[in-house]
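The values are calculated or read from the model by the stated rules, or taken from the named source; none is laboratory data. Since this is a predicted model, take the numbers as computed values, not measurements. All Cβ positions, glycine included, derive from the backbone under ideal geometry; neighbour counts span all protein chains shown. What goes into the accessible areas is simple: the full protein's heavy atoms, side chains included, and nothing from ligands, DNA or RNA. Shrake-Rupley method; radii C 1.70, N 1.55, O 1.52, S 1.80 Å.
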Amino acid sequence: MGPKKKSSVWQFFNKIDDKKTKCKLCHKEIKSAGNTTNLIGHIRNVHKAAYLEIQPKQTTFNAVTTTDEISNPLDLDTKVTPYNKMDDGVLQFQPVPSCSGSQRSGAPLPKTVNETIDSDLDENVTPLKRQRTIQAAFKDISSYSESGAKTRKLNNCLLFMICKDHQPFSIVENEGFKTLMKTVAPQYKLPSRTTLRRWLDDKYEVISETIKKMLSSIEDITLTTDIWSDTLNMKSFLGITAHFGIDIELYSVTLGVYELDERHTSDYLSEILLKVCQDWKIDQENVTAVVTDNAANIVKAIELAFGRRKHIPCFAHTLNLVAEGTMICIEWRNIVSKVKSIVTWFKQSCIASDELRKATAAATESSAGAAEVKLIQSVDTRWNSTYYMLQRFLELRSVINDILFRHPRAPAMLSASEISTVSSVIMVLRPLEAATKEISGDKYCTSSKIIPLVRCMLSKITSAVIEDPVAKEVQKLAINEINKRMGSIEHVNALAIASILDPRFKRMHFNDPIACSNAVTKIKDLMKKNLHSNEEPESDSDKSDKNEEAFSLWTDHHKLVHRNWKINKSEDVLSDELSVYLRTPVGRLKENPLEIWRDYKIQFPKLYKIAFKYLTIVGTSVPSERLFSQAGLVMTEQRNRLKGKRLSKLLFLHSIDKKYWNM
C-alpha cells in the first residue's frame, strides 16, 4: 500500500518508486525526491487546466497573472471541463504524444478538452500575449502626458494635417474627429483652437528662420508675383513665390500673400517687394529675374525695385492673350457663344443633365475606371477653358443633339457646317494648349523652352491644312497675334541665353541671326566678367618691389603689352570653351539640362555657373496663380474672418516639404 497522498497534486500521478512518479495525463516520468515541487511544476507548465483545479480560490487570480494567460481566448460562456473523474478513480484523458522540455511553455490543451469547444472554431487558436509589465504600462501612460513623446508626435501631425489639407482650426471641436481620435488614441488630449493657433505661429517662426538662412546663401533666385482679390472680404493680396536650384533639382517656396491696403500703384508695389526681400534675407543682386503678367503697374514696380532687365513677362499669360485675340472673328465668336449657351442650359437643367448622364453611363461603364463624362463650361479667368469646352462638346455632340431634339425650349443645336468649323479651329488652338501645359511646371527648366516652343507652335499652326473659311480666319489671327506678342522674344536676353545654354536646344530654334549673335556675345561678356572677378589684385609687396626698380620711361608700355597679352589669351580660352560647347551633340529632349551640365562642369567650368543661373529661371508666373488657388481653398465662407498674416503663414507652411516639420 502506497504512502498517503496528502497533496491534491497526487491525483494526477502514479508513484513508481520512492524517487519516480508517472503522470496520468501524459505518461511522462517525473522525479519526486520525496516532495511535490517537481509534480506541481509539471502540472502548472504543461497541464494548465488541471493546475487551476488544484489551486485555492483565493490564489487563482495570482496564478493566472503571474504565468502565461490561460483564460479562454474565445470568451465562451460554456465551462470547459479539463478532465472527467470516473467512479473507479481513473481519469479519462487523451494522451499527449510528447511532453518534452520545448513544450513546457504554451502547450495545447488535451484533445478531449479542445473537442468541447464549438467544432466550427479554429483549433489552433493563438495564445494571448503575456501581460505587460507595470513599468511598460506607466511608460505608455507618461508618453501621453502634456510633454510626452506620443503627445508631441500627435500634435505635430495634427498641425501638419491642418496646414497641408487646408483644414480649419475648429476641426478639433468636430464630433466625428473627436470620435476618431478617441478610438485611435484614447489617452490623447485634443488641443483647443487657441492652442493650435499658437502652435502655428511657433512652427512658422522656426521653419521660416531655416528657409531665410537657406535663401540668404542662394546666389540665383527667381521671383514670381501677382495680385489676387478676395471676393468674400473685398481685399487684395500680393502673392510672391521664390524659385531656385540646388545641384540638379529645382525648388519652390511660398514667401506669402501680403494684404494691400492702398492703391495698387507701382511705387507702393515696389516698396512691398523690397520689404519682402529684406524680411526673407534675399539680396537684390541675387534676384536673377522676376516673372509677372503684363499689367502696367506691376511691370513698372519691378523696374523700380530690380531694374527693367530683370523683368520677364509670363509666357502663359501671353499665350492666353493670343487665344483671346482669335475671338475678333465675329463668326467664330458667335459659334463659341452658341456652344456656351448649350452648355449653360445643361448646367441649369437637372432633367437634361440626368439624360446626358444616363446616355454616357454605358460608355463609362465599358471603360474600367473611367470617370463620369460631363460638359465643361468656359471661364474667362481659366486658361484654355474655351478649348476644353469645345473639345468636350465635339466628343458628346451626338448625345447632345438627341437630348436637344427632345426639348422644344432647348437652345438650337449647331449646324453641320458650324461643327466642321469647331473641329477645324480646335486643330489651330491645339498647339497653344499644348504649349501652355508644357510651360506651366515649376519642377523642371522652363525658361529655356520658351523660344523653341514659340517656333514649334508657329510652325504647327502655319502648316495646318484648313479648308473651312472661318477656321482659316482664326488661323490667320492666331499667327498675327503670335508675331505681334512674341515676335521679339528672341531679343529677351535671359530667355535667349537660357535657350543657347540648354544642351537640348542651343542655337537651333533662333529665326533671327542678330538676336542669336547678341546672345552669344552676352554670354562671352558674362564669362569675362566672372574671369576678372576671380583675378587676384596686385599685392602691396609687388608694388614696392617695382618701385625699387630702376626708372624706365617705357614702364607703362610694358604694362599695356602685358595686359593685351592676358586679354587675348583669356578671350581665346573663353572662345574655345563656348565654341567647343556649341559643337557638342544636342541632348535628348527628355533629359534634365541641369543633369547634363553637372557632367559638363569639369569640361566647361566658366560656362557652368552662367548656365545654372539662367536655366533655373521659371518661364511663367503660374506658381503665383496656383498660390491664389490655394488661398481660395483656405479663405472660405466658414473662415472669412481669417486675417491676412495668418493666411500667409498657412500658405507658407502648406508649401513646405514634410522633412522640415520635424524641426
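Tell me which residues, restricted to region 256-278, are touching a Gly at 6+ places or on another chain (Cβ under 8 Å) and open to solvent by 60 Å² or more (accessible area, probe 1.4 Å). Don't jump to the end; show me each part of the working.
We begin by selecting, within region 256-278, every residue touching a Gly at 6+ places or on another chain (Cβ under 8 Å); these are 256-259, 276.
Within region 256-278, GLU259 is the sole residue that qualifies.
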The residue that is farthest from PHE628 (Cα to Cα), considering only those in region 229-248 that are open to solvent by 70 Å² or more (accessible area, probe 1.4 Å) and in contact (Cβ under 8 Å) with a residue 60 or more places away in the chain, is ASP247
For region 617-627, does any single residue satisfy the condition of being within 28 Å of VAL206 (Cα to Cα), assigned to a loop (DSSP other than H, G, I, E, B) and either in contact with a Gly (Cβ under 8 Å, 6 or more places away or on another chain) or open to solvent by 60 Å² or more (accessible area, probe 1.4 Å) (or both)?
-> no
Residue by residue through region 262-305, note down the ones that are assigned to a loop (DSSP other than H, G, I, E, B) and either small (Gly, Ala, Ser) or farther than 20 Å from ALA496 by Cα (or both).
-> GLU262, ARG263, HIS264, THR265, TRP280, LYS281, ILE282, ASP283, ALA295
Which one is farthest from LEU594 (Cα to Cα), of the residues in region 429-462 that are in contact (Cβ under 8 Å) with a residue 60 or more places away in the chain and of a type in the set (S, T, N, Q)?
-> THR436
For residues that are surrounded by fewer than 18 Cβ atoms within 10 Å (Cβ to Cβ) and part of a loop (DSSP other than H, G, I, E, B), tally how many sit in region 379-402.
-> 4
GLN284 within 17 Å of ILE221 (Cα to Cα), open to solvent by 20 Å² or more (accessible area, probe 1.4 Å) and touching a Phe, Trp or Tyr at 6+ places or on another chain (Cβ under 8 Å) | yes
If we keep only residues of region 454-484 that are open to solvent by less than 40 Å² (accessible area, probe 1.4 Å) and not hydrophobic (A, V, I, L, M, F, W, C), then the residue farthest from the chain's Cα centre (by Cα) is ASP468
Please go through region 413-422 and pick out each residue that is free of Cβ contacts under 8 Å to residues at least 40 places away in the same chain and either among the β-branched types (Val, Ile, Thr) or in contact with a Leu (Cβ under 6 Å, 6 or more places away or on another chain) (or both).
-> ILE419
What about CYS329, is it in contact with an Asp or Glu (Cβ under 6 Å, 6 or more places away or on another chain), farther than 30 Å from GLU285 by Cβ and not aliphatic (A, V, I, L, M)?
-> yes
Can you find even one residue in region 361-376 that is over 30 Å from ASP247 (Cβ atoms), among the polar types (S, T, N, Q), open to solvent by less than 30 Å² (accessible area, probe 1.4 Å) and outside any helix (DSSP H, G or I)?
-> no
Which of (1) part of a loop (DSSP other than H, G, I, E, B); (2) in contact with a helix residue (DSSP H, G or I) (Cβ under 6 Å, 6 or more places away or on another chain); (3) of a type in the set (D, E, K, R) does GLU355 not meet, given it meets every other one?
-> (1)
Check on ILE218, in contact with a Gly (Cβ under 8 Å, 6 or more places away or on another chain) and outside any helix (DSSP H, G or I) = no
Within region 645-663, the count of residues that are over 15 Å from VAL253 (Cβ atoms) and crowded, with 18+ Cβ neighbours inside 10 Å comes to 1
Can you find even one residue in region 482-496 that is modelled with pLDDT of 90 or more and touching a His at 6+ places or on another chain (Cβ under 7 Å)?
-> no
Looking only at region 321-347, which residues are of a type outside the set (Gly, Ala, Ser), buried (at least 19 other Cβ atoms within 10 Å of the Cβ) and within 33 Å of the chain's Cα centre (by Cα)?
-> VAL322
